[in-house]
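Participant: First the structure, then my questions, so here it is.
The values are calculated or read from the model by the stated rules, or taken from the named source; none is laboratory data. Just so you know, these numbers come straight off a predicted model, no measurement behind them. Every residue, glycine among them, receives a Cβ derived from its backbone with ideal geometry; neighbour counts consider all protein chains shown.
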Amino acid sequence: MSYRDSKGRYLCVFWQDEKGIIRESLFLRDEKHWRLIRTIFVTDGAKLESPLTAILWANGVEKRLFYLDQSNLIREVLCSDGFSWAEDQHNGLTPLKIATHHQSGLIAGHNRTREEEWRRRVYQQNEHLQLQELKFDSCHRRWVHGYKELPHALPGSVLAFGAHTNSTFLHLYYQKQDSQPAEIYYMPWWWLNPLNMWFHGAYRPVGNYPNRTAIACIIRERHFSEGHFRIFCHEGSGIISETICWAPLRWAPLIWAPTTRLPIKFPNASHFVALEWMEPDVQEGWQQHIVGINTADGTIWDYITGSEKVGPQISLFDMAI
């Protein structure tokens, strides 16, 4: 996750050590490099190799982290001051004891439904490997189940979530049981989707993808103006494929480009995410980053799309406590 304040651009990384303890490492971008600011304890209640997923707002002051415990139940911890973490016993998922498959994927996201309202969402796999949607009803201050007819996914499928700007047009990327990456999407307009259904999308990347491959997406859209989707998948052996989709206008058909491969080979990565932000010194303004973590040696790397090499690798362990 990334955010910006008066001191610069920050990168927030959550990771789990060999004892199962989850920590948060915060990096500040110093000119063209990331500098580790601090590493703090988050929780010790997760099972080993639990998927970790988080959302943040208010410039990183408020954060929520979701993970799976030893019983494969979803747990949620909250940070509301930028430093200290605790279970959310009032409006969190932990008291609901939501059961998942022991190899469930997990992803959290949020989207704006009204001018000042953000809706939190969590997606996981139930005991039968079917994708499940949970969303927070801000009017009644409680979590509710979403659409119940979502597809089944590969055991341990990595999940990626994206939402359009100021809209409830949603995208979820996953790996089907035949290992092919796929997409489902949700349209918010009642006259096009009166049953509040999710639909299968047109994302069909070319290539052979290993089980539990890393998947990440960037979705940028403005009302009645051009936008784009970028979906990244790890093919193995350091190769990452990219599929781009353009949305010329809100009501125009989507235009899918052929799947391509990024121009370099990447370091080994157990996970990566795709991020996009504005850079004041960049001519086009927007920069797309792929940030990967190698859990074998505790290093992360940052690649700016279009570059000829990956940025310097930095360690998560330099300031671990």
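Participant: Mind checking which residues of region 92-150 are over 19 Å from the mean Cα position of the chain (by Cα) and either among the aromatic types (Phe, Trp, Tyr) or part of a helix (DSSP H, G or I) (or both)?
Facilitator: Thr94, Pro95, Leu96, Trp143, Tyr147
Participant: Do the conditions hold for Arg261, that is, is it at pLDDT 85 or above, under 17 Å from Glu183 (Cβ atoms) and among the charged types (D, E, K, R)?
Facilitator: Criteria not met by Arg261.
Participant: Within region 273-312, count every residue that is in contact with a strand residue (DSSP E or B) (Cβ under 7 Å, 6 or more places away or on another chain) and modelled with pLDDT of 80 or more.
Facilitator: 21
Residues checked against (1) touching a residue at least 12 places away in the same chain (Cβ under 8 Å); (2) surrounded by 14 or more Cβ atoms within 10 Å (Cβ to Cβ):
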| residue | (1), (2) |
| --- | --- |
| Leu172 | yes, yes |
| Glu183 | yes, yes |
| Leu192 | no, no |
| Met197 | yes, no |
| Pro205 | yes, yes |
| Tyr209 | yes, yes |
| Ile219 | yes, yes |
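Participant: Moving on. Looking only at region 32-52, decide whether some residue is crowded, with 19+ Cβ neighbours inside 10 Å, of a type in the set (Phe, Trp, Tyr), in contact with a Ser or Thr (Cβ under 7 Å, 6 or more places away or on another chain) and in contact (Cβ under 8 Å) with a residue 12 or more places away in the chain.
Facilitator: Scanning region 32-52, I find no residue that is crowded, with 19+ Cβ neighbours inside 10 Å, of a type in the set (Phe, Trp, Tyr), in contact with a Ser or Thr (Cβ under 7 Å, 6 or more places away or on another chain) and in contact (Cβ under 8 Å) with a residue 12 or more places away in the chain, so the answer is no.
Participant: So, in region 187-203, exactly how many residues are closer than 20 Å to His152 by Cα and of a type in the set (S, T, N, Q)?
Facilitator: Of the residues in region 187-203, 1 are closer than 20 Å to His152 by Cα and of a type in the set (S, T, N, Q).
Participant: Let me ask something else about it. Give me the residue from region 62-75 that is in a strand (DSSP E or B) and charged (D, E, K, R) and, out of that set, surrounded by the fewest Cβ atoms within 10 Å (Cβ to Cβ).
Facilitator: The extreme case among them is Glu62.
Participant: Oh, and also: From the list Leu106, Leu134, pick out the single residue that is in contact with a Ser or Thr (Cβ under 9 Å, 6 or more places away or on another chain) and aliphatic (A, V, I, L, M). Please lay out each step first, then the result.
Facilitator: Numbers: Leu134 fails: in contact with a Ser or Thr (Cβ under 9 Å, 6 or more places away or on another chain).
Just a single option satisfies the conditions, and that option is Leu106.
Participant: For region 135-143, does any single residue satisfy the condition of being free of Cβ contacts under 8 Å to residues at least 40 places away in the same chain, under 15 Å from Ile107 (Cα atoms), surrounded by 13 or more Cβ atoms within 10 Å (Cβ to Cβ) and in contact with a Lys or Arg (Cβ under 7 Å, 6 or more places away or on another chain)?
Facilitator: Let us first name the residues in region 135-143 that are free of Cβ contacts under 8 Å to residues at least 40 places away in the same chain, namely 135, 137-140.
With the extra rule that they be under 15 Å from Ile107 (Cα atoms), the set shrinks to 135.
From the residues that got through so far, the ones that are surrounded by 13 or more Cβ atoms within 10 Å (Cβ to Cβ) too are 135.
Pick out the ones that are also in contact with a Lys or Arg (Cβ under 7 Å, 6 or more places away or on another chain) and you get 135.
Yes, that holds for at least one residue.
Participant: Taking region 46-61, which residues are modelled with pLDDT of 85 or more and assigned to a strand (DSSP E or B)?
Facilitator: Listed by number, the residues that qualify are Thr53, Ala54, Ile55, Leu56.
Participant: Among the residues of region 83-109, count how many are modelled with pLDDT under 90, touching a Leu at 6+ places or on another chain (Cβ under 9 Å) and closer than 19 Å to Val13 by Cβ.
Facilitator: The total comes to 0.
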